[in-house]
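Everything below concerns the one structure shown next.
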Amino acid sequence: GEAVITAKGSDTLVILAQKWAEVYMARNPGVKIQVTGGGTGTGFAALVNRTTDLCNASRRIKAAEQFNCVRAFNAKAVEYPVCLDGLAVYVSDASPVQEL
């Protein structure tokens, strides 16, 4: 049968994680990866509840989440930084905003 891996968490990372999944599945035909969003906190909750295999997070793990991982798995979660987020703010010349 086909192996199924689930990844849940950050909406910020969901498109990138789906691309990783597509590339991985193309190279490993016997594996299906299901990627969903819902937020980083939702991903960590699903991880400790064993309803997902991987948590995609757009921030560092919180102390309480790490505690829950240790309680659930008798081991700390391992973080793998994969990218940096960027944000740009644009203000129209017609806007009355003078500074942010």
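The residues on offer are Ala63, Ala45, and the sole one that is at pLDDT 95 or above, surrounded by 10 or more Cβ atoms within 10 Å (Cβ to Cβ) and more than 11 Å from the chain's Cα centre (by Cα) is Ala45.
Residues that are open to solvent by less than 80 Å² (accessible area, probe 1.4 Å) and either basic (Lys, Arg) or out of contact with any strand residue (DSSP E or B) (no Cβ under 9 Å at 6 or more places or on another chain) (or both): does the range 3-15 have at least one? Yes, that holds for at least one residue.
For the range 69-100, a residue qualifies if it is at pLDDT 90 or above, open to solvent by 100 Å² or more (accessible area, probe 1.4 Å) and either of a type in the set (Ser, Thr, Tyr) or in contact with a Phe, Trp or Tyr (Cβ under 7 Å, 6 or more places away or on another chain) (or both), and exactly one does: Tyr80.
The values are calculated or read from the model by the stated rules, or taken from the named source; none is laboratory data. Note that the coordinates shown come from a computational prediction; the quantities given were computed from them, not determined experimentally. Neighbour counts run over all protein chains shown; Cβ positions are idealised from the backbone, glycine included. The area values use the complete protein model at the heavy-atom level, side chains included, leaving out ligands, DNA and RNA. Shrake-Rupley method; radii C 1.70, N 1.55, O 1.52, S 1.80 Å.
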